[in-house]
Amino acid sequence: MFRTDHYSIFSVLAEALRGQTGWKPAWRQAAPKSGYDIVIVGGGGHGLATAYYLAKRYGTTNIAVVERGWIGSGNVGRNTTIVRSNYLLPGNIPFYETSMKLWEGLEQDLNYNAMVSQRGVLNLYHSDAQRDAYVRRGNAMRLHGIDAELLDLNAVRAMYPWLNYDNARFPIKGGLIQRRGGTVRHDAVAWGYARGADRLGVDIIENAEVTGFRIENGRIAGVETTRGFIGANKVGLSVAGSSSRLAAMAGMTLPIESHVLQAFVSEGIKPFIDGVVTFGAGHFYISQSDKGGLVFGGDIDGYNSYAQRGNLPVIEDVLEGGMALMPRIGRVRLLRSWGGLMDMSMDGSPIIDRTPIDGLYFNGGWCYGGFKATPAAGLCFAHLLARDEPHEVARGYRLDRFRTGHMIDEKGMGNQPNLH
Amino acid sequence: MRINCPFCGERGNDEFSYLGDASVVRPDPASPSAADEFYAFAYERRNVAGPMQELWYHTAGCHAWLVVTRDTRTHEIFEVKAAQDVAFGRQKTADTTP
Amino acid sequence: MTQTSRVTGLGLVDRSKPLDFTFDGVPYTGYKGDTLASALLANGVRLVGRSFKYHRPRGILTAGSEEPNALVELRTGARREPNTRATVAELYSGLEAKSQNRFPSLSLDLLSINGLLSPVFSAGFYYKTFMWPASFWEKVYEPMIRRAAGLGRAANEADPDIYDKANAFCDVLVIGSGPAGLMAALSAARAGARLILTDESFAFGGRLLSDVTTIDGMSGVEWVKSSISELSSLPNVRLLPRTTIFGAYDSGTFGAVERVADHVAVPSAGEPRQRLWHIVAKQTVVAQGSTERPIIFGNNDRPGVMLASAVRSYINRFGVAPGQTAVVFSNNDDAASTIDDLVRAGVTVAALVDTRASVPEAIKLRARKQGIRVFEGAAVADALGGQRVSGARIVAAYGTSHTVGCDLIAVSGGFNPNLQVTTHLGGRPQWHENLAAFVPGALPKWMTVAGAANGVFSLASCLGDGAKAGHAAAVAAGFDANATAVPHAEDEPINVSAFWHVEAAKHKAFVDQQNDVTAADVRLAEREGYRSVEHLKRYTTLGMATDQGKTSNVNGLALMAELTKKSIPATGTTSARPPYSPVSIGAFAGEHRGKHFKPTRLTPSHNWAKERGAVFIEAGMWLRAQYFPKPGETDWQTVVNREVTTVRSGVGVCDVSTLGKIEIHGTDAGKFLDRVYINMMSTLGVGKARYGMMLREDGIAMDDGTAARFADDRYFITTTTANAIKVLQHLELCRQWYWPELDVQIFPVSDQWAQYSVAGPRARGLLAKIVDAPFDISNSAFPYMAAAELTVLSGIKGRLYRLSFSGELAYEIAVPARHGELLMRKLMSEGEEFGVTPYGTEALGVMRIEKGHVAGPELNGTTTAADLGLGKMASTKKDFVGRVLSQRPGLADPNRPRVIGFKPVDRSARLRGGAHFIAKDAKATAENDLGYMTSVAYSPSLGHWVGLGLLSQAESRVGEILTAVDPVRGETTLVEVVPSAFYDAEGARLRV
């Protein structure tokens, strides 16, 4: 008999013979204990990954992940599933590449197939200036040992012959491709980390909303939740769009605004878009899922919001970009649109750092880069929580960098979160 | 989302540009703690979940900056004022504060 | 033999208008007023599609937009549309439809073998397999999965149809035109409210078209006709049939799509296929009716299993009998009407199977009068048959099993109010135990729900509810009127007793038919801990198909509630995300595609430049002349070299009208500009111009340009083309919000002035022929950085600035935009004797790099004034925006990369933008990265390539040899660090 807590084709076949009745829950429904070494607030991808790496790599297993609703209910389950490490600045590149490498071994590590699919991320350019900006980026990646290729128009045409080349307001001139980039089945990331963490003894506590922090003499003592007080030596916040609300409970004001980013999926159609394509002249990027749905998105709505929904102008803006780039999708139908809360930082880059309160740590400000960062954010936050010092690839993600003028501003938009 | 511009009437939010929190006020550059105050002004945000005063600019209209009071949870708009009027009001208050 | 299932005397289709169509290449005929589904059923076609995963044969389950099964590819070629619901596709002459997701054919689908493998293909099986070896995912497993993915195929070519967008404003929007919607519309319209009534169907009336009813003594259909006729006669009413309200957005804004020409083969010339409406309503009445739920039993997906309400639609609205022998399977009183309608259509009703232990006497009596067997406390456990239902296995009370032959099972598990739109803004539906359904929860104050959507089911109460809602909406929108009288209709309550699935099913029992999610999959999800309703959906894909779970979400939720022994409300709720039903991407894009994706801004000299044979380039929204080839010049580099050389030796003219132009007036204008520029502007003399730099508040360079002063209280400033709007917005913020006390007015005049750069040693000679006497253009009277208001070309108001971007003796001359073309033509004709050349953005760029001026690639949003080599410009005598924060250690660090010049060591080598700098003998790694090349150009003046770049410790490296590495282009070039001004560094040429 194959162990059904280990996933493989053999366990699936064995289970098929007995009507799939032998499977166990992927994670236990844990009840909170009175105290833990570490409590992670937020059962999203980052929180679950943090717990997993703490248990797996840093030998701490007396951990709880406290989640307000159901795990994976935040941005890990509401994004456009893209993973890539095609960043520009030295403060970001090694971090996202660490993430990329973790993605590449994730499924074997977790024994959970999250469908990490490296079908390439192609950024199109439409002018010489844009080309040179992508060259600068591609070269920065290459200097960091990351794959990047500059494609000319013919090479782009060969990959996607049906893009709008001949009747375009902003003609395509070429692209920069990271072939190792791609997509991951987003929900499975949360479930895979949850199952992995659970098997290492982490308590995942759902439906427990944090209502306050117990801080004694400037040091964290635990969290108040709707399921009672939970003591902790250290508390890590990993709550994305809710960062400011929770920080306020601990008396902190963050360099973060919450904004809504909409995403879209079409009806399932026979696959014709192999990788991820981003449009350099409009706010539009797209991939096609293994179920056949076109998954796409664009800019954030642009105003502070805690509503997980957006408005028509941005929907139209995104779909206009889609039609400008891919006029063959005009008769494909939009199936669903939704919004996620982005914890937009003031320079577009994240924060993984201690806070002024002893024992309280913060991971946030992910803007819309949080999903692809999940494994590395988990690893680096785990490192910080375990060792009390930043992981080497996350050294730049300090909370005080705005005070000292060491911003990591990929887009050069300054302190205006809605432009990042 | 529709914003009732005091000069142009009610318009869709696509006519406007957003800046953000209107409760942060540009500090006095001559203040001895100007560095800290400007840091807070430029970077720290209360990021209110609820009614919030914020700055919008009527890009495709009259070019007025507006102070809009809007609930960030529901997007309901309670009040729209010309930013210049609010700024004058603020200065008056400051003048009369001993 | 056609339309064998059409019933004489029934239906609202127009039998005088037959329409030919094909399905999978087979020709059929239907009538005007048919949907593709009703026409297929009329022709006896039952098998219409194959399911997503198991490729099971599927028929037609519903008669509306909730259809999960009958999806087809409609039309062909560039107009091919995948996944079109046959149940809403309006029949037209020449319609071509194809079944999808089958190989090789619909009746023989080899992939149906997946059904046999279903014990393996359980929910979530792929999360557990396909992990080894890792590289096999992209190479083997995923291609296999992707081959099987999706249903229909997108067109291969660009959509040839056009799409339109429109805005509408109303007092009251009524969504849905069934009894409640029509009454709401009549009430609001009679009160005088500006009203919009929408319906997703091509005919108004909703269920009144599908049920046999009497209203005020006339048939429901007659009443619909008279109501619509009254509404269309009112000037304050707009009727929008074929229009789906797909989403509710903030402040009473709705998105709607009108299918203008989907009911014809090809739209007529200029006619849009669809129109996207933005409807802004003061008040809205949601009257979208309800959707019947299936019951989960074995083989409940077989062609011939149909919702009872759909059976009645096909009979009453379309005059089609969807079977010959029927079993009615129900948990509610509505079965009585189904039996009546079946009998009237000549369908034999073999049995009424009711899950309730005791069926109301009246219904039993009606059934027995027709000789129909009644099974109480019973259920259809399994449908029998393969590609078509051949019978029903009924498990009666006490477990006895009966097989009844039939080719139609009309099923009703109760009704779900259509609440989707009420949840788009975050509303949470509430569970109503007696109705066994979710009803609307809290709503925005401008929205009400009426009729079946509100959980009100009898006809009389729907009419009453609608009348009340319509009247209330009109009153809330400010209309004062008496309530409208409610017409008389029957008021039979529909009792329902919750029943979700049949335990005794032996075959696969489907919850979500399109995504092939079975009851067993839901059980598996529960077993594995995916118990939250959202986990259930995501793990099994229940409700994620193109029908958006309209017939499956509540059933799945109820099944999970049973399994976890929780109540339905404790298990979850159903909220929907827009769109209400899927909407074409083309409709959202409207006319914004192809060349019209974004507006194109043309400069005042555009027409002239086009005549002149200019090559244009997109520069933001602008289309600018890039260069002007002469006949015979084939290589752009040759042209640009000639343009540069001509400017440097003679004279050239370039249209720089795209610069942002702003008038700053008022007694405090100087003070104001001092606060926004890093350098002093209040000290600028009248008749003078000065270069200026602005920072963002965070201390980073925002924009550069010039300021000219024409009077004590009158300045004129320019911005870069790219930042014209941003700078204006910033200045307005400063004026209105930071310093409202200053006496300053700001006028954007970018589009008012045509402005040309006239550059080169012979520029003065040319301009002397343009400016009107007695203006003295001599060097002494009008020196470098002078500015003047004057007239040109015999009386045209103009402005002249002695500014130079090229580094030559140069001017910028401006006239009102309407005279711009004339001025350009004059400059060319008068310039002939000086050998004038027009030059474009390329030559402009070459000359600015030769001069070492910074532009967009250097002003990249992360550079400070000091980084750009302009740190000394910053005044220390005043405050300005960005001053305080520019002093942060990270920005004041002297080791930050700064702009500097580069020459190739091998003067014949080419430089490349985006190359990174590495010390000469160092390895090309990130640790050794010293900066990158921002701008490059071939300098015809120097005869080699020149570049600007951002380099760490730039000044101290002047003279050093570095390697410019460009791995993505596969190039490596040795470069020498040099001062950034390559050409006439001392600036002698521009002062002559």
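The values are calculated or read from the model by the stated rules, or taken from the named source; none is laboratory data. These numbers were taken from a predicted model, which means no experiment stands behind them. Cβ sites come from the backbone with ideal geometry, for glycine too, and all protein chains shown count toward neighbours. Each accessible area value is taken on the protein alone, full model and side chains, heavy atoms only, with ligands, DNA and RNA left out. Shrake-Rupley method; radii C 1.70, N 1.55, O 1.52, S 1.80 Å.
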Handout entry: Between the range C:280-307 and the range C:557-614, the Cα center-to-center distance that results, in Å
Key = 25
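If I take every Cα pair under 8 Å that is 6 or more residues apart in the range C:592-703, average their sequence separation and divide by the length, what percent do I get for the relative contact order? List each step's numbers first, then the result.
On the way: 95 pairs, mean separation 15.1, N = 112.
For the range C:592-703, the relative contact order is 14 percent.
All other residues with a Cβ under 14 Å from the Cβ of C:Asn555 taken together, and with Lys, Arg as +1 and Asp, Glu as -1, what is their net charge? All intermediate terms of the calculation are to be shown ahead of the outcome.
Values: positive: C:Arg293, C:Arg523, C:Lys537, C:Lys550; negative: C:Glu66, C:Glu292, C:Asp301, C:Asp512, C:Asp521, C:Asp547, C:Glu562.
That sum, taken over residues with Cβ under 14 Å, equals -3.
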Practice task
Pop a pseudo-label 7 angstrom from the Cα along the beta-carbon direction at both B:Lys92 and C:Lys769 and give the gap in nm to one decimal.
Solution key: 6.2
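Restricting to chain C, compute how many DSSP beta bridges are antiparallel as a %, nearest 5.
On the way: 133 of 183 bridges.
So the antiparallel bridges in chain C amount to around 75 percent.
Pop out the carbon and sulfur fraction of the accessible area of the range C:14-129 as a percent, whole number, probe 1.4 Å.
On the way: 2150 of 3570 Å².
On the range C:14-129, the fraction of accessible area on carbon and sulfur atoms equals 60 percent.
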Handout entry: Long-range HN-HN contacts of A:Met342 with modeled amide H, under 5 Å
Key = A:His259, A:Val260, A:Leu261
Fill in the blank from the handout: Quick shape check on the protein assembly as shown: root eigenvalues a ≥ b ≥ c of the Cα gyration tensor, a/c under 1.5 is rounded, otherwise prolate if a/b tops b/c, else oblate, and it reads prolate
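Please list B:Cys62, B:Cys5 in order of solvent-accessible area, largest first, computed with a 1.4 Å probe with all protein chains present.
On the way: B:Cys62 55, B:Cys5 5 Å².
So, going from the largest accessible area down, we get B:Cys62, B:Cys5.
Give the average, rounded to an integer, of partner chain Cβ atoms located within 10 angstrom of each Cβ in A:203-209. Mind dumping the intermediate values first?
On the way: counts 0, 1, 0, 3, 1, 0, 0.
For this peptide, the per-residue mean of nearby foreign Cβ atoms is 1.
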Exercise for the section: Could you state how much accessible area C:Glu503 has, in square angstrom rounded to the nearest 10, with a 1.4 Å probe and all protein chains kept in place? Expected result: 140
Exercise for the section: Can you grab the distance from the C-alpha centre of the range B:26-98 to the C-alpha centre of the range C:890-937, Å, no decimals? Expected result: 42
Exercise for the section: Looking at the range C:294-413, send over the antiparallel percent of its DSSP beta bridges, to the nearest 5. Expected result: 35
Exercise for the section: Shielding by partners for B:27-35, please: the mean number of other protein chain Cβ atoms within 10 Å of each residue's Cβ. Expected result: 2
Fill in the blank from the handout: Percent antiparallel among DSSP beta bridges confined to chain A, nearest 5, equals 70
Problem - Long-range HN-HN contacts of C:Lys32 with modeled amide H, under 5 Å - result: C:Asp14, C:Lys17, C:Leu19
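How well do other chains shield peptide A:272-283, expressed as the mean number of their Cβ atoms within 10 Å of each residue Cβ? If you can, show how the numbers build up before the last one.
Numbers: counts 5, 1, 2, 0, 0, 0, 0, 1, 0, 3, 3, 0.
Taking the mean over all residues of the peptide, I get 1.
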Practice task
Determine ³J(HN,Hα), in whole Hz, for all residues of the range A:261-274 in sequence, where each value follows from phi through the Karplus function 6.51 cos²θ - 1.76 cosθ + 1.60 and θ = phi - 60°; x replaces Gly and Pro.
Solution key: 10, 8, 9, 9, 9, 8, 4, x, 9, 4, x, 9, 9, 6
Exercise for the section: Would you work out the charge dipole size for chain A about its Cα centre, treating the Cβ of every Lys and Arg as +1 and the Cβ of every Asp and Glu as -1, and quote it to the nearest 20 debye? Expected result: 640
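At 1.4 Å probe radius, can you tell me the per residue accessible area of chain C in Å²?
Numbers: 34510 Å² over 992 residues.
Value for chain C: 35 Å² per residue.
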Handout entry: Solvent-accessible surface (1.4 angstrom probe) belonging to C:Lys826, in square angstrom, nearest 10
Key = 80
Problem - Set of aspartates and glutamates with alpha-carbon distance to C:Lys595 below 13 Å, sequence-local pairs under 8 removed - result: A:Asp166, A:Glu320, C:Glu618
Handout entry: Dipole axis of the range C:446-523 (+1 Lys, Arg; -1 Asp, Glu on Cβ), positive-most option in C:Val502, C:Gly466, C:Ala481
Key = C:Val502
Problem - Computed E for C:Ala570/C:Lys877 - FRET, C-beta separation, R0 41 angstrom, nearest 0.05 - result: 0.05
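Among C:Lys903/C:Lys923; C:Lys165/C:Lys598; C:Lys508/C:Lys565; A:Lys56/C:Lys565; C:Lys32/C:Lys225; A:Lys270/C:Lys98, which pairs are too far apart, with a Cα-Cα distance over 25 Å? Walk me through the intermediate numbers first.
Numbers: C:Lys903/C:Lys923 21 Å; C:Lys165/C:Lys598 15 Å; C:Lys508/C:Lys565 23 Å; A:Lys56/C:Lys565 35 Å; C:Lys32/C:Lys225 18 Å; A:Lys270/C:Lys98 15 Å.
Where the Cα-Cα span goes over 25 Å, the pairs concerned are A:Lys56/C:Lys565.
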Completion exercise
Of the listed pairs C:Lys468/C:Lys550; C:Lys445/C:Lys537; A:Lys24/C:Lys566; A:Lys291/C:Lys537, those with alpha carbons more than 23 Å apart are C:Lys468/C:Lys550; C:Lys445/C:Lys537
Exercise for the section: Evaluate the charge dipole of the range C:499-584 about its Cα centre and quote only its size in Debye, nearest 20, assuming +1 on the Cβ of each Lys and Arg and -1 on the Cβ of each Asp and Glu. Expected result: 140
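When only DSSP loop residues count, what trypsin sites (Lys or Arg not before Pro) in the range C:464-552 have their Cβ near at most 16 other Cβ atoms within 10 Å?
Working: sites: C:Lys468, C:Lys506, C:Lys508, C:Arg523, C:Arg527, C:Arg531, C:Lys537, C:Arg538, C:Lys550; in loops: C:Lys506, C:Lys508, C:Arg531, C:Lys550.
Those satisfying the criteria are C:Lys506.
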Exercise for the section: Could you tell me the accessible area of B:Arg73 in Å² (1.4 Å probe, neighbours in place), rounded to the nearest ten? Expected result: 120
Problem - 3J(HN,Hα) from dihedral phi, the range B:76-89, Karplus parametrisation 6.51/-1.76/1.60, rounded to Hz, x for glycine, proline - result: 6, 9, 9, 7, 10, 10, 5, 4, 4, 5, 4, 5, 4, x
Exercise for the section: With unit charges on the beta carbon (Lys/Arg positive, Asp/Glu negative), name the residue among C:Thr667, C:Leu733, C:Ala689 whose Cα is farthest towards the positive pole of the charge dipole of the range C:661-749. Expected result: C:Ala689
Practice task
Obtain the nm distance between the two label points defined at C:Asp984 and C:Leu742 by a simple spin-label model: each point lies 7 Å from its Cα along the Cα-to-C-beta direction.
Solution key: 3.4
Problem - Sequence-separation-based contact order of chain C, relative, with Cα cut under 8 Å and 6+ spacing, percent - result: 9
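Counting Lys and Arg as +1 and Asp and Glu as -1, each charge on the Cβ, what is the dipole of the protein assembly as shown about the Cα centre in debye, to the nearest 20?
Working: 160 positive and 154 negative charges, 410 e Å.
The calculated dipole for the protein assembly as shown is roughly 1960 debye.
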Problem - For the range C:308-343 versus the range C:21-35, the gap between their alpha-carbon centres in whole angstrom - result: 23
Exercise for the section: Based on the mean of other Cβ atoms within 10 Å per residue, sort peptides C:175-185, A:107-117 so the most packed one is first. Expected result: C:175-185, A:107-117
Completion exercise
Pseudo-spin-label distance C:Thr925 to C:Lys671, built 7 Å along Cα→Cβ, given in nm, is 5.8
Completion exercise
Charge dipole of chain C built from unit charges on the beta carbon (Lys, Arg +1; Asp, Glu -1), centred at mean Cα; most positive-end Cα among C:Ser804, C:Thr2, C:Val411 is C:Thr2
Fill in the blank from the handout: Cysteines of the protein assembly as shown without any disulfide-compatible partner (other Cys Cβ under 4.7 Å) are A:Cys367, A:Cys380, B:Cys62, C:Cys170, C:Cys406, C:Cys462, C:Cys654, C:Cys734
Fill in the blank from the handout: For the range A:120-127, in residue order, the Karplus 3J(HN,Hα) values (coefficients 6.51, -1.76, 1.60; θ = phi - 60°; whole Hz; Gly and Pro = x) are x, 10, 10, 9, 8, 10, 10, 8
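Would you compute, from DSSP H runs of 4+ residues alone, the mean residue ellipticity of chain C at 222 nm, taking -39500 (n - 2.57) per run and dividing by the full residue count, rounded to the nearest 500?
It comes out at -5500 deg cm²/dmol, rounded to the nearest 500.
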Completion exercise
The set of residues whose placed amide H lies less than 5 Å from the amide H of C:Gln283, leaving out same-chain residues fewer than 5 positions away, is C:Val172, C:Leu173
Practice task
Straight distance only, please: which lysines reach the Cα of C:Lys878 with their own Cα at less than 26 Å, same-chain residues fewer than 8 apart left out?
Solution key: B:Lys92, C:Lys661, C:Lys671, C:Lys688, C:Lys726
